[in-house]
Amino acid sequence: ILVTIIDPIVDTVKSEDPTYNFDQDGLRDFGAWDTAGAKTNSIFILNGGSFRDCWGRSVKSQSETGIIRGTNFSAFSGPTSGRSNEIDMQVGGGMVSDITAYYSGATAVPTELVSFQPSPTFESFSGKLCGAQVVTTHPMTAVVSTFPRAKTQHQITVRDVDVIGPVARLVEFRVWSNLTRLLVEGGTASGMTGQLVRVTASGASGSPYV
């Protein structure tokens, strides 16, 4: 399954009730849902475009591989409880490259810019953020986060990421086992208040780490 989207313009996806904090996503890619012992064999490609004021996630992908290139993300408002991830790779990995993001306002800032959540049915996966410029007026928890849900061999690469404004850390690196690798290279963060990388247990069932 191959899905390609070129230069979309998505503006203002929100609820009239500011306390409602579900859905409200700009783009959802539902590949064939993976099941035990099966692979989705799905690819999602997003080239260019812009997403503005998506109160949920701007992009939610359930494909095995996601590729996002040259897209702009911005937000100036959000639900009262704040926003979740800007880009949510819910099943597999992929590459996000050459993107820009601008956030103004306490509820407009997402928790993370990119989240990778590999499926427990994949033996291995790779997630990359290569080239991003982020400007934020209010604190962001992390630029990249991982949440492996099983004994998945995974490698995360974060390269050439520049953050202007307050951010707690560059990477929230959650691990399931010792089959994990992280490469951080290049980039700047002028307002970092915590660690460059924080390593914690994923908390998924069966993990030897608690």
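The values are calculated or read from the model by the stated rules, or taken from the named source; none is laboratory data. Everything numeric in this text was worked out from a predicted model, so none of it was measured. FYI the Cβ positions are ideal-geometry reconstructions off the backbone, even for glycines, and counts take in every protein chain you see. Side chains included, ligands, DNA and RNA excluded: accessible areas come from the protein's heavy atoms. Shrake-Rupley method; radii C 1.70, N 1.55, O 1.52, S 1.80 Å.
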Which percent of the accessible heavy-atom area of the chain goes to carbon and sulfur, probe 1.4 angstrom? 52 percent
The stretch 75-199 accessible area per residue, 1.4 Å probe, protein heavy atoms, integer Å², reads 37 Å²
For the chain, the longest stretch holding no chymotrypsin sites (Phe, Trp or Tyr not before Pro) located in a DSSP loop with at most 16 other Cβ atoms within 10 Å is which? 77-208
For the stretch 132-145, in residue order, the Karplus 3J(HN,Hα) values (coefficients 6.51, -1.76, 1.60; θ = phi - 60°; whole Hz; Gly and Pro = x) are 8, 10, 10, 10, 9, 8, 10, x, 10, 5, 7, 7, 10, 9
If you take the alpha carbon radius of gyration of the chain and divide it by 2.2 N^0.38 Å, what ratio comes out, to two decimals? 0.96
Per DSSP loop assignment and a cutoff of at most 14 other beta carbons within 10 Å, the chain keeps its longest run without exposed GluC sites (Glu not before Pro) at 17-122
Length gain on complete extension for the stretch residue 198 to residue 15, per 0.36 nm per residue less the alpha carbon to alpha carbon distance? 62.5 nm
